[in-house]
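The block underneath contains the structure these notes are about, expressed in C-alpha cells.
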Amino acid sequence: MTYQFLDEETLFLVSQTFKALSDPTRIKILHLLFEQELSVSNIAEILDLNQSNVSHQLRFLKNLRLVKYRREGKTIYYAPDDEHVMKILQQSIDHATHH
C-alpha cells in the first residue's frame with residue numbers, strides 16, 4: 001500500500017478548522033448557529049458576549065467557510081456553512097458528554 005501524503009494547503013485548512021474548534025467562544029457560536037440563523041446582536045445577547053467579539057469570531061469562522069451570511073435590509077444573519085464541520089462539532093460534544 002502506498003501512503004498518499006496530504007498537500008500543504010489541505011494540511012493548513014485542516015489545522016485551521018481544528019484551531020477554530022479549539023476556542024470556547026467559537027464553539028458556543030457554532031453550536032448556537034446550528035440551532036438557528038442569527039444576527040450578531042442576537043448572538044451577543046444570547047451568549048452574553050460583546051458584539052465586537054462576536055463579529056471578530058464570525059469573521060474568523062467566515063474566512064474558513066464555517067459560517068455563511070445573508071443580508072436582510074441592514075441586518076446580516078449568520079448560519080453554518082459546512083455540515084461536515086457541524087458533524088465534527090456534534091461528535092466532539094457527544095464524546096465529551098459520553099459517560
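What follows draws every value from the coordinates through simple rules; no lab data is involved. The shown structure was predicted, so the numbers you read here are calculated from the model rather than taken from an experiment. Here Cβ is always computed from backbone atoms with ideal geometry, including for glycine, and neighbour counts include all displayed protein chains.
Remarks
- Computed from the C-beta positions of K62 and E8, the FRET efficiency with R₀ = 25 Å rounds to 0.65.
- Compared with the direct C-alpha span, the chain from E37 to M86 gains 16.2 nm at full extension, assuming 0.36 nm per residue.
- Based on Cα contacts under 8 Å between residues 6+ apart, the chain shows a relative contact order of 26 percent.
- Note on the chain: helix-only mean residue ellipticity at 222 nm, from DSSP H runs of 4+ residues weighted -39500 (n - 2.57) and normalised by residue number, equals -19000 deg cm²/dmol.
- Student exercise, the chain dipole from Lys, Arg, Asp, Glu Cβ charges, in Debye to nearest 20: 300 debye
- Separation of alpha-carbon centers, segment 55-99 and segment 1-47, rounded to whole Å: 6 Å
- Set of segment 33-58 residues, backbone N closer than 14 Å to the point 7 Å along the Cα-Cβ line of Y77: 33-43
- Protection proxy ranking of 14-24, 32-42, by the mean of other Cβ atoms within 10 Å over each peptide's residues and highest first, is 32-42, 14-24.
- Scaled against 2.2 N^0.38 Å for its residue count N, the alpha carbon radius of gyration of segment 23-97 is 1.05.
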